[in-house]
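Take a look at the structure below.
The values are calculated or read from the model by the stated rules, or taken from the named source; none is laboratory data. Note that the structure is a prediction, hence the values are computed from the model and not measured. Glycine also receives a Cβ, built like all others from the backbone with ideal geometry; neighbour counts cover every protein chain displayed. With ligands, DNA and RNA removed, areas are computed over all heavy atoms of the protein, side chains included. Shrake-Rupley method; radii C 1.70, N 1.55, O 1.52, S 1.80 Å.
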Amino acid sequence: MISGGIRPKGSKGIVRALGAGALGLIGMGLFGSTVLANPEPGQLNLTPGVTTYSHVPYMLNNVALGVCVVIGILVFGAMFIAMFRFRKSRGAVAEKWSHNTTVEIIWTVIPIIILITLAWLATDGLRQFSDTTGAQMTVKVTGYQWKWRYDYVDYQGKAISNVGFMSKLDDQSNATRQLNSGLDPYAVKVGDENVYLLNVDKPLVVPVDTKIRFVITADDVIHSWFIPALGWKMDAIPGVVNATWTNIQVPGVYRGQCAELCGQDHGFMPIVVKAVSKEDFAKWLADQQKSVAPAAAPAPASTAAAPAQATAQVAPAHGAQG
């Protein structure tokens, strides 16, 4: 028997400290869920996101955190109790046994069950993440040093032609970031939001309540397209086309950045997605298609000019023959 059954004076304090620590960790996790979809300074948890998928990594992260907290409390609690309550100075004498089959079975089976559960949750999350079937819209994303190109491929079963653009760091952030610019980064705002290095000249505009397939690649080096509010990130690799999807439920502007070190201006490669209603998106898409239509008009004229030029080139030959 472990001798004495002596309860040290400080044991209640230890238990209280462990309880307070657990409550503090739980409070930190809960606090993180109250922030907006876009990450905020001081945020302590993942963002819950605004898509039909974003709750999956958020939930998995919280479950794994909860498991780690419980294990930490049990392990460190037992360790501190053993150190302070059953220390030699209080007359504790170590037991002579070295094995307990029941205990060993318990602490082997429980971790196996925990790992299988976490693996099942993670695998199911990856399965949902990779399922792009039933997409109502396709957008091609191409990473460049150091900007993004967006090309709209199709929408609601109809192909989209000539709607695409480069998206790069906005002019105000770009001017402010220059060495010795003297400009205040905190003055770079959209409304009340500080958007220094997080704003672009042309955001990606998408409709809400629409399953959107993204096909993502790169032209030069590896980039990574990442917006926390969507709940995922995807590498953009030259020569490889990766596919994933999103379905945004809440209209708004969501910001992210390249998440792969891609060169000297890696930190100046933001991503902005503007989610609007389906009606507003249809109007925006129609305006974009109208704006590119005149650019395509000169093509027949240049084609028609080719025979005239050829005739002019052969005319001197006829003259010489005459």
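General remarks:
- The share of accessible area on the stretch 137-316 that comes from carbon and sulfur is 55 percent, using a 1.4 angstrom probe.
- Calculated from backbone phi, Karplus (6.51, -1.76, 1.60) coupling profile of the stretch 257-269 in Hz, x at Gly/Pro: 8, 4, 10, 10, 4, 10, x, 5, 9, 3, x, 10, 10
- Here the simple spin-label model places points 7 Å from the Cα toward Cβ, and for K202 and F84 these points are separated by 6.4 nm.
- Rounded to the nearest 5, the antiparallel percentage of DSSP beta bridges internal to the stretch 137-316 is 75%.
- Rounded to the nearest Hz, the phi-derived 3J(HN,Hα) couplings of the stretch 227-241 under the Karplus curve 6.51 cos²θ - 1.76 cosθ + 1.60 (θ = phi - 60°) are 10, x, 5, 7, x, 7, 9, 9, 5, 10, 10, x, x, 10, 10, where x marks glycine and proline.
- When only alpha carbons are used to place a centre, the stretch 228-283 and the stretch 34-103 end up 33 Å from one another.
- The stretch between S98 and T132, if pulled fully straight at 0.36 nm per residue, gains 6.8 nm over its current Cα-Cα span.
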